[in-house]
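Student: First, the structure itself, so that you have it in front of you.
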Amino acid sequence: PARPVTVTVTGAAGQIGYATVFRAAAGDLLGPGTPVRLHLLELPQARRAAEGTALELQDGAFPLLEGVEVFDDPAAAFEGASVGLLIGSRPRGPGMERADLLEANAGIFSVQGRAINAGAAEDFRAVVVGNPANTNALIAASHAPDVPRERFTALTRLDHHRAVAQLAAATGARTAEVDGVAIWGNHSATQYPDLTHATVGGRPALEVLAAAGHDRDWVAGTFIPRVARRGAEIIEVRGGSSVASAAHATLCHVRDWVLGTPQGSWTSMAVASDGSYGVPEELVSSFPVTCRNGAATVVPGLELDAFSRERVERSVQELAEERAAVAALGLL
Ligand code: NAX
């Protein structure tokens, strides 16, 4: 039998954490052949709730679940971890400025980065879900100098799924017929969901959309804002933020990263830039990526038209501003 993998989940008693851990225990994170050991990290005030979640995990009698431990100390929680699901973060409170938000989260992710550096396993990899996710990933990476930067990623898979689903709906296709969608930039309202390389049933998506009466103005004026503001739409309709869809995306992100993307296809992940497409190397930005042997590679050589270049630049500019704000606070 395969060796159990230690997975540390931060914010484990929160909504997304709760929706993630049961599916991780069921094999949806690392596949049906890999047993997992879950380390649930919470703030001291939520530790008891995490202990309750651990009891419920026990009650699942999951064959792949080797054990569950609850922590409120990051150093202990990341000891021996190979996977980090960094979900817990400080949400924006009333009257909180962006600088306050960045500072509060820098406090969390710098501490976790140091804990990872000190005690995580050699093959450690992390996805940051907690917002501002891209910049939080950057902060964690910068406090874990012994861990390769490319092992700190941020979640844009939910945005990717939203774009796939909206394209399928607009063309009357099944989501399985959609390929080649890409999310670029920041996980924020400036993100660029790009259809210029997408296909529907093997045909260029923009052609299929045009045949369905949707021109490029529809893409710019309806599709892009719909995807970028979908989180707000969910809050409005559901009365709460995205939870199960975010958990699903988190599981898909790690699973594809570890087990590989399907041959001939790509997904979207926010990764440490390798300088591709003019994105500065010190930023964690979303790109179309393929995954092989546990490594994510930015899809090379895609042609970006003027519209795409302008959108990517705008979102990357926002990432650069977030980075500068954190650096100015001395938190990198
Ligand atoms: P909740 O408030 O339900 O849960 C967050 C949990 O994190 C709480 O239980 C809290 O005690 C814990 N926590 C806070 N600081 C911690 C720390 N330093 N160590 C350990 N635990 C800590 O939020 P939830 O709905 O689960 O959302 C979690 C995060 O995901 C938020 O930042 C949210 O903005 C972000 N999202 C990111 C998405 C993405 O696509 N990247 C989409 C969904 C979601 O909005």
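Student: Which one of Ile16, Ile139, Ile108 has the biggest mean-square fluctuation once the chain is modelled by GNM with Cα springs under 10 Å?
Tutor: Between Ile16, Ile139, Ile108, it is Ile108 that shows the largest mean-square fluctuation.
Student: Between Gly278, Gly95, Gly301, where does the largest GNM mean-square fluctuation fall for the chain, given springs only between Cα atoms within less than 10 Å?
Tutor: Answer for the Gaussian network model of the chain: Gly95.
Student: Considering only C-alpha atoms, what is the centroid distance from the range 156-183 to the range 92-117, in Å?
Tutor: About 32 Å separates the Cα centre of the range 156-183 from the one of the range 92-117.
Student: How big is the chain on each of its three principal axes, counting only the C-alpha atoms and giving the largest first in Å?
Tutor: If we take the Cα atoms of the chain, the spans are 55, 46, 40 Å.
Student: Right, next: Work out, step by step, the length gained on full extension between Asp274 and Ile235: first 0.36 nm times the residue separation, then minus their alpha carbon distance; give nm to one decimal.
Tutor: 10.6 nm
Student: Roughly what would the spin-label model give for Glu207 and Leu55, points 7 Å off Cα along C-beta, in nm?
Tutor: 6.0 nm
Student: Ordered by packing density, taken as the mean number of other Cβ atoms within 10 Å over each peptide's residues, highest first, how do 160-168, 41-49, 251-259 rank?
Tutor: 160-168, 251-259, 41-49
Student: Still on this structure, please answer the following. Please state the shape class of the range 5-154: rounded when a/c is under 1.5, otherwise prolate if a/b exceeds b/c and oblate if not, all from the C-alpha gyration tensor.
Tutor: The shape class here is oblate.
Student: While we're looking at this one, here's another question. Taking H placed 1.01 Å from N in the peptide plane, check which residues at least 5 places from Met269 or on another chain put their amide H under 5 Å from its amide H.
Tutor: Phe287, Val289
Each reported figure results from applying straightforward, stated rules to the coordinates on display, with no laboratory input. These numbers come from a predicted model, not from an experiment. Cβ coordinates were reconstructed from backbone atoms using ideal geometry, including for glycine residues, and neighbour counts include every protein chain displayed.
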